[in-house]
Amino acid sequence: YEINEILPCLHIADGKISYVTFNDEKYLMLKNKSLLYFINKNNKEIFFGVNGVSPRRLEVFGYSMPEIFSASSELKEKDRIYSAKNLDNKNGDFPWVEAAAGSGIGEYININYDDINALIISNGYVNFDKPYLYENNNRVKKFEVYNQDGRKIQEINLKDTPDPQIFKIVEPTKSIKLVIKEVYKGNKWDDTCVNFVKIIPGFCSLEGFVLDN
């Protein structure tokens, strides 16, 4: 990594989860060719960056607020709720987890936002101290995407990685529904998890981004 030229660092992998260490601190790292996120030991996002960033492109890091998300079901365990509102990635180590019987096929996420150019999705259960939770739980393999009229407009095929994936939405919508169509099966549990979803708004150009689908 180019950062190594100015700040010596060490890259470590634990299964599907990657870490980087520098200045005697360890951070969970989510990355692709366009985006970079560092998450600290408290599961808080402490750095994000874009390849070739300029002041005019700060907004394309991804918009996300709890109130734009809802879901068909949300897993509850004791005092912990794996709510769709966790998809904004502000509450640390809680992803969204569906609560249906089986693998969650047919369960969905609603996003109520009327200016979506693309989605940034981080798949699975991502936790700083428990990297095994990613492969122990299900991850989404395919979403069907529906608009506000209930019409299917596209499919999103996700790779089996927690790293951010960028998907262009093919037409303007006032809201969208992401319906789970297929999953990567977990090694231990049959719960399907999504780490976060961020929006690239319609006024932002996708020029220079590597799109996944």
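The values are calculated or read from the model by the stated rules, or taken from the named source; none is laboratory data. These figures come from a predicted structure and were not determined experimentally. Counting neighbours? That spans all protein chains shown, and the Cβs are built from the backbone with ideal geometry, glycine included. All accessible areas refer to the heavy atoms of the entire protein, side chains included, with ligands and DNA or RNA removed. Shrake-Rupley method; radii C 1.70, N 1.55, O 1.52, S 1.80 Å.
Which residue pairs have Cβ atoms closer than 6 Å, lie 6 or more positions apart in sequence or on different chains, and pair a first residue in region 18-43 that is β-branched (Val, Ile, Thr) with a second residue that is modelled with pLDDT under 90?
Hits for this filter: VAL20/CYS9; VAL20/HIS11; THR21/LEU10; ILE39/GLU45.
Got a sec? Which of GLY186, GLY208, GLY202 is in contact with a helix residue (DSSP H, G or I) (Cβ under 6 Å, 6 or more places away or on another chain) and of a type outside the set (A, V, I, L, M)? Give the steps one after another, and end with the answer.
Numbers: GLY208 fails: in contact with a helix residue (DSSP H, G or I) (Cβ under 6 Å, 6 or more places away or on another chain); GLY202 fails: in contact with a helix residue (DSSP H, G or I) (Cβ under 6 Å, 6 or more places away or on another chain).
Of the residues listed, the single one that is in contact with a helix residue (DSSP H, G or I) (Cβ under 6 Å, 6 or more places away or on another chain) and of a type outside the set (A, V, I, L, M) is GLY186.
Residue by residue through region 199-210, note down the ones that are open to solvent by 10 Å² or more (accessible area, probe 1.4 Å) and under 22 Å from SER175 (Cβ atoms).
GLY202, PHE203, LEU206
Could you tell me which residue of region 173-191 is farthest from LYS142 (Cα to Cα), considering only residues that are touching a strand residue (DSSP E or B) at 6+ places or on another chain (Cβ under 8 Å), assigned to a loop (DSSP other than H, G, I, E, B) and not polar (S, T, N, Q)? Even if it seems obvious, please write down each step before you answer.
Step one: list which residues in region 173-191 are touching a strand residue (DSSP E or B) at 6+ places or on another chain (Cβ under 8 Å), which gives 173, 175-186, 189-191.
Narrowing the set further to residues that are assigned to a loop (DSSP other than H, G, I, E, B) leaves 173, 175, 185-186, 189-191.
Still in the running and not polar (S, T, N, Q): 185-186, 189-191.
Numbers: LYS185: 12, GLY186: 15, TRP189: 19, ASP190: 16, ASP191: 15 Å.
Per the criteria, the residue is TRP189.
Report whether or not LYS159 is under 17 Å from ASP115 (Cβ atoms), in contact with a strand residue (DSSP E or B) (Cβ under 7 Å, 6 or more places away or on another chain) and either open to solvent by less than 30 Å² (accessible area, probe 1.4 Å) or not small (Gly, Ala, Ser) (or both). Walk me through it before giving the result.
Details: under 17 Å from ASP115 (Cβ atoms): no; in contact with a strand residue (DSSP E or B) (Cβ under 7 Å, 6 or more places away or on another chain): yes; either open to solvent by less than 30 Å² (accessible area, probe 1.4 Å) or not small (Gly, Ala, Ser) (or both): yes.
No, not satisfied.
For THR192, indicate whether it is among the polar types (S, T, N, Q) and closer than 17 Å to ASN213 by Cα. Reasoning before the result, please.
Working: among the polar types (S, T, N, Q): yes; closer than 17 Å to ASN213 by Cα: no.
In short, no.
Listed here are the residues, each with its yes/no results for (1) among the hydroxyl-bearing types (Ser, Thr, Tyr); (2) in contact (Cβ under 8 Å) with a residue 60 or more places away in the chain; (3) more than 24 Å from ASN32 (Cβ to Cβ).
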| site | (1), (2), (3) |
| --- | --- |
| ASN157 | no, no, no |
| PRO162 | no, yes, no |
| ILE169 | no, no, no |
| LYS174 | no, yes, yes |
| LEU178 | no, yes, no |
| GLY186 | no, no, no |
| ASP190 | no, yes, yes |
| PHE196 | no, yes, no |
| ILE199 | no, yes, no |
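Can you tell me which residue within region 13-48, out of those that are in a strand (DSSP E or B) and among the acidic types (Asp, Glu), is farthest from the chain's Cα centre (by Cα)?
Within region 13-48, the first condition is being in a strand (DSSP E or B), and the residues that meet it are 13-14, 17-22, 25-31, 35-39, 45-48.
If we keep only those that are among the acidic types (Asp, Glu) too, we end up with 14, 25, 45.
Details: ASP14: 19, GLU25: 24, GLU45: 12 Å.
Among those that are in a strand (DSSP E or B) and among the acidic types (Asp, Glu), it is GLU25.
Quick test for you: out of ILE105, ILE46, ILE81, ILE111, pick the one residue that is among the hydrophobic types (A, V, I, L, M, F, W, C), modelled with pLDDT of 95 or more and either open to solvent by 60 Å² or more (accessible area, probe 1.4 Å) or on the phi > 0 side of the Ramachandran plot (or both). Even if it seems obvious, please write down each step before you answer.
Numbers: ILE46 fails: modelled with pLDDT of 95 or more; ILE81 fails: modelled with pLDDT of 95 or more; ILE111 fails: either open to solvent by 60 Å² or more (accessible area, probe 1.4 Å) or on the phi > 0 side of the Ramachandran plot (or both).
Exactly one of ILE105, ILE46, ILE81, ILE111 is among the hydrophobic types (A, V, I, L, M, F, W, C), modelled with pLDDT of 95 or more and either open to solvent by 60 Å² or more (accessible area, probe 1.4 Å) or on the phi > 0 side of the Ramachandran plot (or both), namely ILE105.
Could you list, in sequence order, the residues of region 174-197 that are farther than 21 Å from LYS130 by Cβ and open to solvent by 10 Å² or more (accessible area, probe 1.4 Å)? Talk me through it step by step, then tell me what you get.
We begin by selecting, within region 174-197, every residue farther than 21 Å from LYS130 by Cβ; these are 174-182, 197.
Selection gives LYS174, SER175, LYS177, VAL179, LYS181, GLU182.
Just name the residue that is least open to solvent (accessible area, probe 1.4 Å) out of those in region 131-152 that are basic (Lys, Arg) and touching a residue at least 24 places away in the same chain (Cβ under 8 Å).
The initial filter retains those residues of region 131-152 that are basic (Lys, Arg), namely 139, 141-142, 151-152.
Checking the rest, the ones that are also touching a residue at least 24 places away in the same chain (Cβ under 8 Å) come to 139, 141-142.
Details: ARG139: 12, LYS141: 81, LYS142: 38 Å².
Looking at residues that are basic (Lys, Arg) and touching a residue at least 24 places away in the same chain (Cβ under 8 Å), I get ARG139.
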